[in-house]
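Enquirer: I'd like to ask you about the structure that follows.
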Amino acid sequence: MKKEDIKEWALLLLTAVAIVLVIRMTILDNRIVPSGSMMPTIRPGDRLFVEKVTHHFGGVHPGDIVVFDPPEAANFEDDLIKRLIAVAGDSVEVKNGTLYVNDHPVDEPYVEDPMNYEMAKQTVPDGKIFVLGDNRNSSLDSHRWGFADLDSVQGKAMLIYWPLNRLHFIWGQGLRIEEEEIPFIGAQTLGE
């Protein structure tokens, strides 16, 4: 192989690595889920893509599955992935195994078991979000450690790509309050 060919291949390889790094840092990241706190929607070992752009422009919305830096009170080092339930100004309450947002019960078909805990009504402060794992009774989330910072959101879970038999979009599921879906930007679920 000629010296010029080696230089050309090295430049091509460096360019490809640079493109991948820019995409991972600014547009799309991948994650491996280590726990069952989001079951049945996301299972341990699932690999998923997290898009890192739309929340900067369109914000986050109830129903989004978000990746965020944990608050200090959570006592975790690693990023967390949970379902966004409420944003600043919303009230949240859990009574008789049912989640209420702004005094309305939330229809949660993605939750297998009703919550076995109660939580007094609280209002989400400015700059904060309230998040819960879909596996409500086995998730360390806002019902235990409080609110997360809105600024800590890194992106929205978009697609489970591995294992292949679980390939589907999880972006754009939305919360259903009183049989009416809260509209927001996103794709529909392709199924499980």
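Read-outs throughout are calculated quantities, based only on the coordinates presented, and are distinct from any laboratory measurement. All values derive from a computational prediction rather than experimental measurement. Don't worry about glycine lacking a Cβ; one is built from the backbone with ideal geometry, like all the others, and counts go over all protein chains shown.
Enquirer: Relative to the first principal axis of the alpha-carbon coordinates of the chain, what is the inclination of helix 3-26, with its axis defined by its Cα atoms, in degrees from 0 to 90 and to the nearest 10?
Expert: 10 degrees
Enquirer: Can you give me the distance in nm between label points at Q154 and V17, each placed 7 Å from the Cα along the Cα-to-Cβ direction?
Expert: 2.2 nm
Enquirer: If I take every Cα pair under 8 Å that is 6 or more residues apart in segment 30-181, average their sequence separation and divide by the length, what percent do I get for the relative contact order? All intermediate terms of the calculation are to be shown ahead of the outcome.
Expert: On the way: 351 pairs, mean separation 46.4, N = 152.
Here the relative contact order equals 31 percent.
Enquirer: Using the Cα centre of the chain as the reference point, and only Cβ charges (+1 on K/R, -1 on D/E), how large is the resulting charge dipole? Debye, rounded to the nearest 20.
Expert: With Lys and Arg at +1 and Asp and Glu at -1, about 740 debye.
Enquirer: Which loop chymotrypsin sites (Phe, Trp or Tyr not before Pro) in segment 50-110, with loop taken from DSSP, have no more than 15 other Cβ atoms within 10 angstrom of their Cβ? Each step should come with its number before you reach the end.
Expert: Values: sites: F57, F68, F76, Y100, Y110; in loops: F76, Y110.
Passing sites in segment 50-110 are F76.
Enquirer: For the chain, what ratio Rg/Rh do Cα atoms give with a Kirkwood hydrodynamic radius?
Expert: Values: Rg = 19.1 Å, Rh = 17.8 Å.
In the chain, Rg relative to Rh is 1.07.
Enquirer: While we're here: Going by how many other beta carbons lie within 10 Å of each one, how would you line up M25, M115, M158, fewest first? It would help to have the intermediate numbers written out before the result.
Expert: Working: M25 10, M115 18, M158 21.
Lowest count first: M25, M115, M158.
Enquirer: According to the Cα gyration tensor, what semi-axes, each the square root of 5 times an eigenvalue, does the equivalent ellipsoid of segment 64-151 have, listed from largest to smallest in whole Å? It would help to have the intermediate numbers written out before the result.
Expert: On the way: eigenvalues 74, 46, 26 Å².
They are 19, 15, 11 Å, listed from largest to smallest.
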